[in-house]
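Here's the structure we're looking at; comments come further down.
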Amino acid sequence: MRAAVFALTAQGALTARRVQAVLPEADVFVSSRCRVSYPEARGFLRLAEAVRENFSRYDALIFLMATGIVVRTVAPLLRGKLVDPAVLVLDERARHVISLLSGHVGGANMLTRHLALALGSDAVITTATDVEGMLAPDAVAGCLGLSPTPHDAIVAVNRALLAGREIIYCVESHLRLAPFYRSALRRLGLFVQMCAGDIAQVAARAEAGGQVPVLVTSVPVQDGRHLCLCPRRLIAGIGCRRGTKAGEIEQALCAALARIELPPEAPELIATTTVKKDEAGLREVAEKRRIPLRFYERGFLQSMVDRYQLRESPFVRKTIGVGNVAEAAALAAAGASGGSMALGKTKFEKVTVALVWQKSQ
């Protein structure tokens, strides 16, 4: 998850250092009036302009200031809970961490708990299902790389959950990651049924038995009534040293996937730079996995670096011509809809891997 931290005062800048110690890959933005407190941070003159420029670049925005300021700043930029980034608010001394927006799908609640634990703060989460200690289906979706639809069905199922109704997850057995979804859902203590036939009919039988079905399906049921969790495409951006063997690339990719508890078969595409077109190891990994391997020109990768404000390596820039390959290539493959960072660029001995979930159209 790519995060941006915003601070308005000298005390906020000091707390931003603490936040960045917990989230080392986060980018910190500090008001120019108090940048002397954090000279390494990026400066801004007006908060509203800085947030508007960066709102779609990051998966999470963390504000160290009054909640009222944050609400007024982000309000004109909001589109909906399924697409907005996570928004968190901390007071300047980090006594409280507030999950403000996109608590489930955007991961704000999970990030709030993580920060609060690390900083010794109080986590403030007001989502009804979380308050009652229940696991909402849209929160499950966020954990497993699934996209919930439609919005009204999310509300209806969460109301049923709060009313004490039994929720059952119906998983299409033909999905690439069906065994993973089944085991992950069961580990969460949820009821799961595998569906080899028409999932709508399975849903109807569940409803007849008094259960509330949630459908894990590749194609949403077009009745507007059933909550469908649809798999998002996972893209692996990979950079490697010249002549790296396929086995080393495969080992690094599997290790990266394990870090976010995803199975080895999760990626559906590998993306890299055109400089690596003749890398036999990369081609062998893609062929073995039977997934596409896409190459992107340096100029296009640079446009991704600029669009998402990605960090660059001077060594990689000198060698390749662009300072970020793994993240930039994965985000390039995500297309116009954009992507959310499942795992930022992670360096292994000869390989760098980044994992990106493609956002829904």
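The values are calculated or read from the model by the stated rules, or taken from the named source; none is laboratory data. Because the structure is predicted, anything quoted here is derived from the model rather than measured. Cβ coordinates were reconstructed from backbone atoms using ideal geometry, including for glycine residues, and neighbour counts include every protein chain displayed. Ligands, DNA and RNA are stripped out before the accessible areas are found, and what is left, the full protein with its side chains, is counted by its heavy atoms. Shrake-Rupley method; radii C 1.70, N 1.55, O 1.52, S 1.80 Å.
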Condition check: under 19 Å from Lys359 (Cα atoms) and either among the acidic types (Asp, Glu) or at pLDDT 95 or above (or both). Does Leu301 satisfy that?
yes
Yes or no: Ile235 at pLDDT 95 or above, open to solvent by 10 Å² or more (accessible area, probe 1.4 Å), β-branched (Val, Ile, Thr) and under 28 Å from Gly142 (Cβ atoms)?
no
Filter segment 107-132 for residues that are touching a residue at least 40 places away in the same chain (Cβ under 8 Å) and not small (Gly, Ala, Ser); which is farthest from Val155 (Cα to Cα)?
Leu119
For segment 338-354, name all the residues that are within 17 Å of Pro231 (Cβ to Cβ) and either touching a helix residue (DSSP H, G or I) at 6+ places or on another chain (Cβ under 6 Å) or open to solvent by 30 Å² or more (accessible area, probe 1.4 Å) (or both).
Gly339
Scan the helices (runs of 4 or more DSSP H) fully inside segment 278-361 and keep the ones with 1 or more residues being within 17 Å of the chain's Cα centre (by Cα).
298-308, 326-334
Within segment 194-232, track down each residue that is surrounded by fewer than 18 Cβ atoms within 10 Å (Cβ to Cβ) and of a type outside the set (A, V, I, L, M, F, W, C).
Gly197, Asp198, Gln201, Arg205, Glu207, Gly209, Gly210, Ser218, Gln222, Asp223, Gly224, Arg225
Return yes when Val36 is open to solvent by less than 70 Å² (accessible area, probe 1.4 Å) and either in contact with a helix residue (DSSP H, G or I) (Cβ under 9 Å, 6 or more places away or on another chain) or modelled with pLDDT of 95 or more (or both) and no when it is not.
no
Let me confirm something: among Ala41, Ala50, Ala13, which residue is farther than 20 Å from Gly339 by Cα, modelled with pLDDT under 95 and touching a Phe, Trp or Tyr at 6+ places or on another chain (Cβ under 6 Å)?
Ala13
How about segment 15-30: which of its residues are out of contact with any strand residue (DSSP E or B) (no Cβ under 6 Å at 6 or more places or on another chain) and outside any helix (DSSP H, G or I)?
Pro24
Tell me, which strands (runs of 3 or more DSSP E) lie completely within segment 97-193 with 3 or more residues that are open to solvent by less than 20 Å² (accessible area, probe 1.4 Å) and more than 18 Å from Pro263 (Cα to Cα)?
167-172
Flagged in segment 73-96 as farther than 25 Å from Ala153 by Cα, free of Cβ contacts under 8 Å to residues at least 40 places away in the same chain, open to solvent by 40 Å² or more (accessible area, probe 1.4 Å) and not in a helix (DSSP H, G or I), in numbering order, are Asp91, Arg95, His96
Please count how many residues of segment 22-41 are in contact (Cβ under 8 Å) with a residue 12 or more places away in the chain and closer than 26 Å to Gly142 by Cα.
6
If I ask for residues that are of a type in the set (Val, Ile, Thr) and under 19 Å from the mean Cα position of the chain (by Cα), which ones from segment 1-27 would you list?
Val5, Val19, Val22
